[in-house]
Amino acid sequence: MSRTVYVNGSYVPEEEAMVSVFDRGFLFADGIYEVTAVLDGKICEWDGHVGRLERSLKEIGMEMPMSADELLAVHREMVKRNNMEEGAIYLQVTRGAYDRDFLMPKQVKQTVVLFTQAKKLTGPKKGLRVISMPDIRWGRRDIKTVQLLAASMVKSEAYKQGKDDAWMVEDGFVTEGSSNNTYIVTKEGKIVTRNLSNSILPGITRKSVLRIADEMKMEIEERPFTIEEAQNAAEAFMTAATSFVTPVIEVDGVALGDGTPGPVSKRLGEVYIEESVKASI
Ligand code: PDD
């Protein structure tokens, strides 16, 4: 069955949805996106996602396409029209269509698109095997732009090598996974994850998972770590809106711990989902 997508104020079958060939999202990756999980037909981490959307837009000189409440209403309508119980909602906001020019046009109507992907997000997780790859992305990774070619290339390279994902490395330290934040758990039980800066996306899942870990009295160190440190860790995991807490069991061919998902990742994953379902709206 065809999905219903949202394009600039209308809900239409996906086959009929259209944006201009002059859209700056298409020509310049001049746009921002957000990905929000849906559990039990409800929206997860709404405040976090809408807050980051506003910030990302501001950083590239754009305004919110509508109020946060109106955006939430569109998200909920998308869940309803697509009979969605579990999955992800993608929101794409671009600067709009304009005759091709590097100079950013001022008074252009933004393009606003939402689409859904119904899929099972909960349930047992297999541990991921990751490879390291140079981070060739731009210098403002804190902004969630639609410019995802480098991330797509490293993920595809990992698959080509029979692995699940790539951890990107810059100046000897891991930045992020292709579309997730990364963590190691040291043999002393300390959670280490890269500190926030322009080098990584401030993950919404990251924020909640660190809060949960803190409430569970786990020790957290926010600092960059190396691939070697990861290979010597007791366990590792990654977080993202659509994969929650996912264990990592191998880094560049080296198995972590006993090569199976570790207890810290499992526990944080369980609590995160419990809390997410409760807090979803
Ligand atoms: N990606 N880092 C990068 C580079 C990401 O693309 C993502 C999310 C994250 C995690 O952020 P959050 O916890 O807010 O989802 C970190 C989404 C899921 C995607 O592009 O599909």
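The values are calculated or read from the model by the stated rules, or taken from the named source; none is laboratory data. The model shown is predicted, which means the values in this text are computed figures rather than measured ones. Counting neighbours? That spans all protein chains shown, and the Cβs are built from the backbone with ideal geometry, glycine included. Please note that ligands, DNA and RNA were not included when accessible areas were found on the heavy atoms of the full protein model with its side chains. Shrake-Rupley method; radii C 1.70, N 1.55, O 1.52, S 1.80 Å.
Report whether or not Glu59 is surrounded by fewer than 16 Cβ atoms within 10 Å (Cβ to Cβ) and within 16 Å of the ligand (Cβ to nearest atom). Yes. Selection of first residues in region 30-49 that are over 12 Å from Ile89 (Cα atoms) and of a type in the set (A, V, I, L, M, F, W, C) and of second residues that are within 12 Å of the ligand (Cβ to nearest atom) and modelled with pLDDT of 95 or more, restricted to Cβ pairs under 8 Å at least 6 apart or on distinct chains, gives the following pairs, ordered by first then second residue: Ile32/Leu53; Ile32/Ser56; Ile32/Gln92; Ile32/Ile143; Ile32/Lys144; Ile32/Thr145; Ile32/Val146. For region 5-53, the set of residues classified as of a type outside the set (Gly, Ala, Ser), surrounded by 21 or more Cβ atoms within 10 Å (Cβ to Cβ) and farther than 24 Å from Arg140 by Cβ consists of Val5, Tyr6, Val38, Cys44, listed by residue number.
I need a count of the residues in region 128-178 that are assigned to a strand (DSSP E or B) and either of a type in the set (A, V, I, L, M) or closer than 19 Å to Pro247 by Cα (or both).
At the first step, the residues of region 128-178 found to be assigned to a strand (DSSP E or B) are 128-134, 145, 165-170, 173-177.
Cutting the leftovers down to either of a type in the set (A, V, I, L, M) or closer than 19 Å to Pro247 by Cα (or both) gives us 128-133, 165-169, 174-177.
Selection size over region 128-178: 15.
Could you say which residue among Arg223, Arg211 is surrounded by fewer than 16 Cβ atoms within 10 Å (Cβ to Cβ), among the basic types (Lys, Arg) and in contact with a strand residue (DSSP E or B) (Cβ under 9 Å, 6 or more places away or on another chain)?
Numbers: Arg211 fails: in contact with a strand residue (DSSP E or B) (Cβ under 9 Å, 6 or more places away or on another chain).
Step by step, each of Arg223, Arg211 is checked, and only Arg223 is surrounded by fewer than 16 Cβ atoms within 10 Å (Cβ to Cβ), among the basic types (Lys, Arg) and in contact with a strand residue (DSSP E or B) (Cβ under 9 Å, 6 or more places away or on another chain).
Looking at region 235-246, is at least one residue under 22 Å from Ala166 (Cβ atoms) and surrounded by fewer than 18 Cβ atoms within 10 Å (Cβ to Cβ)? No, every residue in region 235-246 fails to be under 22 Å from Ala166 (Cβ atoms) and surrounded by fewer than 18 Cβ atoms within 10 Å (Cβ to Cβ). The residue pairs whose first member lies in region 80-104 and is over 16 Å from Ala241 (Cα atoms), whose second member is among the hydroxyl-bearing types (Ser, Thr, Tyr) and open to solvent by less than 40 Å² (accessible area, probe 1.4 Å), and whose beta carbons are closer than 6 Å, counting only pairs six or more residues apart or on different chains, are Arg81/Thr4; Asn82/Thr4; Asn82/Thr116; Met84/Thr116; Thr94/Thr111; Gly96/Thr111.
Would you say Ile200 is within 11 Å of the ligand (Cβ to nearest atom) and either under 30 Å from Asp40 (Cα atoms) or crowded, with 18+ Cβ neighbours inside 10 Å (or both)? So Ile200 passes the test. Which one is surrounded by the most Cβ atoms within 10 Å (Cβ to Cβ) among residues in region 147-183 that are within 11 Å of Ile200 (Cβ to Cβ) and more than 11 Å from the ligand (Cβ to nearest atom)? Filtering first and then ranking leaves Val174.
Whenever a residue of region 3-14 is among the hydroxyl-bearing types (Ser, Thr, Tyr), its partners that are open to solvent by 60 Å² or more (accessible area, probe 1.4 Å), lying with C-beta atoms within less than 7 angstrom and at least six residues away or across chains, give the pairs Thr4/Tyr11; Thr4/Arg81; Tyr11/Arg81.
Val112 falls short on exactly one of the conditions (1) surrounded by fewer than 16 Cβ atoms within 10 Å (Cβ to Cβ); (2) closer than 20 Å to Lys144 by Cβ; (3) not aromatic (Phe, Trp, Tyr), and that condition is (1). For region 130-146, the set of residues classified as open to solvent by 20 Å² or more (accessible area, probe 1.4 Å) and of a type in the set (A, V, I, L, M) consists of Met133, Ile136, Val146, listed by residue number.
One residue is enough: does region 77-87 have a residue meeting the conditions surrounded by fewer than 21 Cβ atoms within 10 Å (Cβ to Cβ), modelled with pLDDT of 95 or more, in a loop (DSSP other than H, G, I, E, B) and of a type in the set (Asp, Glu)? Within region 77-87, one or more residues are surrounded by fewer than 21 Cβ atoms within 10 Å (Cβ to Cβ), modelled with pLDDT of 95 or more, in a loop (DSSP other than H, G, I, E, B) and of a type in the set (Asp, Glu). Only one of the listed residues (Ala236, Ala255) is among the hydrophobic types (A, V, I, L, M, F, W, C) and within 16 Å of the ligand (Cβ to nearest atom). That residue is Ala236. Of the residues making up region 247-274, just one is open to solvent by less than 30 Å² (accessible area, probe 1.4 Å) and among the polar types (S, T, N, Q), namely Ser265.
With respect to the conditions (1) among the hydrophobic types (A, V, I, L, M, F, W, C); (2) open to solvent by less than 40 Å² (accessible area, probe 1.4 Å); (3) within 12 Å of the ligand (Cβ to nearest atom), Ile191 lacks only one, and its number is (3).
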